[in-house]
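J.: One structure, pasted below without further comment.
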Ligand code: OAD
């Protein structure tokens with residue numbers, strides 16, 4: 001296994017997508033054919049949709065909030081948390097997922113580039129109220145709270161289509177530092193995450209993909225390990241840390 005070859009100078013960047021949570025029971029976007037109640041996700045997950053029909057957008061995210069409260073991390077999440085413990089500052093985890101399964105499995109530093117389903121924030125881009133934890137399911141327009149500071153509607157703390165993902169500066173910096181990149185369960189379709197591996201390759205990082213199907217950006221991977229994350233990652237990580245690095 002190539003990860004076995006990590007040297008003390010190596011820095012590992014891990015990117016996870018919906019596939020890492022599939023075995024926990026959260027459907028991938030591809031798995032649901034990108035559809036919800038007949039709408040394409042790209043029609044619901046936009047600032048324009050929220051401006052036109054905030055209750056519809058909240059119904060979509062409220063269903064997901066409720067679902068997220070019933071799921072547990074799977075062996076892939078635990079394996080990734082083990083990597084963080086073993087590599088410390090030489091490890092960076094970026095996820096496209098809005099669930100908290102990495103944290104539930106013990107990951108301490110997780111960059112959620114697409115936001116977090118269990119948080120909300122003010123929908124006014126100019127408002128300085130920070131995002132806050134929120135597990136409420138809103139279904140009607142009347143139920144949607146307003147920002148205490150500016151009065152705008154509260155929205156899910158999610159990066160919608162047409163918006164810039166969170167913490168991009170840090171992510172790009174870490175991609176520049178990485179010598180190894182591991183991508184797990186991401187179709188390689190949605191930008192900018194789909195281009196991370198290309199960026200890392202430009203800096204001569206070694207790149208590995210784990211998932212049951214080849215991703216759309218396959219050409220930028222040195223290796224594709226085909227299989228389910230929950231079945232592949234524990235052994236992959238065991239191979240890596242068995243050198244005695246694991247605390
Ligand atoms: P996708 O749903 O596009 O792709 C999921 C990938 O996971 C597919 O390539 C599957 O082959 C793979 N997969 C399925 N089961 C798996 C398993 N058990 N182990 C490993 N891999 C498995 O999800 P993403 O690529 O994450 O954005 O999608 C990226 C973004 O598109 C999402 O973050 C979301 C969506 O629009 C926002 O919400 C902003």
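The values are calculated or read from the model by the stated rules, or taken from the named source; none is laboratory data. Keep in mind the model is a prediction, meaning the values are calculated, not measured. Here Cβ is always computed from backbone atoms with ideal geometry, including for glycine, and neighbour counts include all displayed protein chains.
J.: Somewhere in the range 228-238, is a residue modelled with pLDDT of 95 or more, assigned to a loop (DSSP other than H, G, I, E, B) and in the same structural domain as residue 100 (by TED's automatic domain parsing)?
T.: yes
J.: Further question: Of all residues in the range 149-162, how many are near the ligand (Cβ under 8 Å from one of its atoms) and either more than 26 Å from residue 25 (Cα to Cα) or crowded, with 20+ Cβ neighbours inside 10 Å (or both)?
T.: Residues flagged as near the ligand (Cβ under 8 Å from one of its atoms) and either more than 26 Å from residue 25 (Cα to Cα) or crowded, with 20+ Cβ neighbours inside 10 Å (or both) within the range 149-162 amount to 1.
J.: A further question follows. Filter the range 139-163 down to residues that are touching a helix residue (DSSP H, G or I) at 6+ places or on another chain (Cβ under 9 Å) and assigned to a loop (DSSP other than H, G, I, E, B), then give me how many there are.
T.: Within the range 139-163, residues that are touching a helix residue (DSSP H, G or I) at 6+ places or on another chain (Cβ under 9 Å) and assigned to a loop (DSSP other than H, G, I, E, B) number 7.
J.: Let me ask something else about it. Quick test for you: out of 202, 148, pick the one residue that is outside the structural domain of residue 21 (by TED's automatic domain parsing), on the phi < 0 side of the Ramachandran plot and out of contact with any strand residue (DSSP E or B) (no Cβ under 7 Å at 6 or more places or on another chain).
T.: 148
J.: Answer yes if at least one residue in the range 169-178 is within 22 Å of residue 90 (Cβ to Cβ), surrounded by 13 or more Cβ atoms within 10 Å (Cβ to Cβ) and within 11 Å of the ligand (Cβ to nearest atom), and no otherwise.
T.: No: zero hits.
J.: Here's a follow-up. Which residue is modelled with the highest pLDDT, if the candidates are limited to the range 1-49 and must be touching a strand residue (DSSP E or B) at 6+ places or on another chain (Cβ under 8 Å) and part of a loop (DSSP other than H, G, I, E, B)?
T.: Among residues in the range 1-49 that are touching a strand residue (DSSP E or B) at 6+ places or on another chain (Cβ under 8 Å) and part of a loop (DSSP other than H, G, I, E, B), the one modelled with the highest pLDDT is 17.
J.: Let me ask something else about it. Which residues, counting only those in the range 103-131, are within 23 Å of the chain's Cα centre (by Cα), assigned by TED's automatic domain parsing to the domain that holds residue 54 and exposed (fewer than 12 other Cβ atoms within 10 Å of the Cβ)?
T.: 125, 130
J.: Follow-up. State yes or no: is residue 86 touching a helix residue (DSSP H, G or I) at 6+ places or on another chain (Cβ under 7 Å) and away from the ligand (no atom under 16 Å from the Cβ)?
T.: For residue 86, the condition - touching a helix residue (DSSP H, G or I) at 6+ places or on another chain (Cβ under 7 Å) and away from the ligand (no atom under 16 Å from the Cβ) - is met.
J.: Ok, one more. Any idea how many residues of the range 50-62 are free of Cβ contacts under 8 Å to residues at least 24 places away in the same chain and either over 18 Å from residue 137 (Cβ atoms) or touching a strand residue (DSSP E or B) at 6+ places or on another chain (Cβ under 9 Å) (or both)?
T.: Residues that pass the stated criteria total 3.
J.: Here's a follow-up. Checking residue 128 against (1) under 21 Å from residue 114 (Cβ atoms); (2) more than 13 Å from the ligand (Cβ to nearest atom); (3) in contact with a strand residue (DSSP E or B) (Cβ under 9 Å, 6 or more places away or on another chain), only one condition comes out false. Which one?
T.: Residue 128 satisfies all of (1) under 21 Å from residue 114 (Cβ atoms); (2) more than 13 Å from the ligand (Cβ to nearest atom); (3) in contact with a strand residue (DSSP E or B) (Cβ under 9 Å, 6 or more places away or on another chain) except (1).
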